[in-house]
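Following: one structure in structure tokens, then a few remarks.
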Amino acid sequence: MTLVTKYINAYLSTLKYLSDTVAEPAATYDLSFEQYLIMHSVAQHDGLTLTDIVAKRQVTRAAVSRQIKMLLRKQYIWQEADAMDRRRQLLHLTHRGQKIEAALTERIEMRFEGWLLALGEERSADVLKFMMRFDEKIQVNSKG
């Protein structure tokens, strides 16, 4: 089996499982993985803007805008114009959005605790360091 084949197999199983860790609980609230990530970011930084999310997630404005529109429709977030610059829309979680984000975060953290028990904290930290280093190198190479 070639290295690329092994990589693809690992990606299909391991990384898909990591994604499903968030996606499955989020689906119970009719949320996508991306929508949960936006809600989680807003929960951590109330008053975040679309531009802030685009910069942090490194995705297109259009993609984030679509997700925000869905969250507004579901009444999980609300927005208000920035008093200093009316063009900027500040994002906030609704009361319902706060409850859902907190419940999902708790479920995701419980799953993560299971990984820590299975792998151990040191190995889990090593995996995270590798993933961050891999991401950093790939981004540098793709820009150059």
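Under 25 Å between alpha carbons, and skipping anything fewer than 8 positions from K74 in its own chain: which lysines qualify?
Candidates past the 8-residue exclusion: K56, K99.
Which angle from 0 to 90°, rounded to the nearest 10, does the C-alpha axis of helix 121-143 make with the longest principal axis of the chain?
The helix 121-143 is inclined about 70 degrees to the chain.
Taking the 0 to 90 degree range and rounding to the nearest ten, how far is the long axis of helix 16-27 tilted relative to the main principal axis of the chain, both from C-alpha atoms?
30
Would you list, by chain and number, the aspartates and glutamates whose Cα falls below 20 Å from the Cα of K129, excluding same-chain residues fewer than 8 positions away?
Output for K129: E109, E113, E121.
Toward the positive end of the charge dipole of the chain, about the Cα centre and with charges on Cβ (Lys, Arg +1; Asp, Glu -1), which of L119, A23, I8 goes farthest?
I8
Against the longest principal axis of the chain, how steep is helix 95-119, in degrees 0 to 90 to the nearest 10, with axes from Cα atoms?
Result, in degrees: 10.
Rounded if a/c is under 1.5, else prolate if a/b beats b/c, else oblate: with a ≥ b ≥ c from the C-alpha gyration tensor eigenvalues square-rooted, which is the range 1-68? Write out the running numbers ahead of the final one.
Details: a/c = 2.91, a/b = 1.83, b/c = 1.59.
Prolate is the answer for the range 1-68, as a/c is 1.5 or above and a/b outweighs b/c.
Would you work out which of I100, T60, Q35 lies farthest towards the positive end of the dipole of the range 3-143? Charges go on Cβ: Lys and Arg +1, Asp and Glu -1.
Farthest along the dipole direction, towards plus: T60.
Once the Cβ-Cβ distance between S41 and R87 is put in as r, and R0 is 30 Å, what FRET efficiency do you end up with, to the nearest 0.05? Write out the running numbers ahead of the final one.
Working: r = 20 Å, r/R0 = 0.68.
For S41 and R87, the calculated efficiency is 0.90.
When the chain is modelled as a GNM with alpha-carbon springs shorter than 10 Å, which of T49, T105, T28 fluctuates the most?
Of T49, T105, T28, the Gaussian network model singles out T28 as fluctuating most.
So for the pair V54, A10, with labels modelled 7 Å out along Cα→Cβ, what separation do we get in nm?
3.4
No lab work stands behind these numbers, since they all come straight from the coordinates. What you see is a predicted model; the values in this text were computed from it and never measured. FYI the Cβ positions are ideal-geometry reconstructions off the backbone, even for glycines, and counts take in every protein chain you see.
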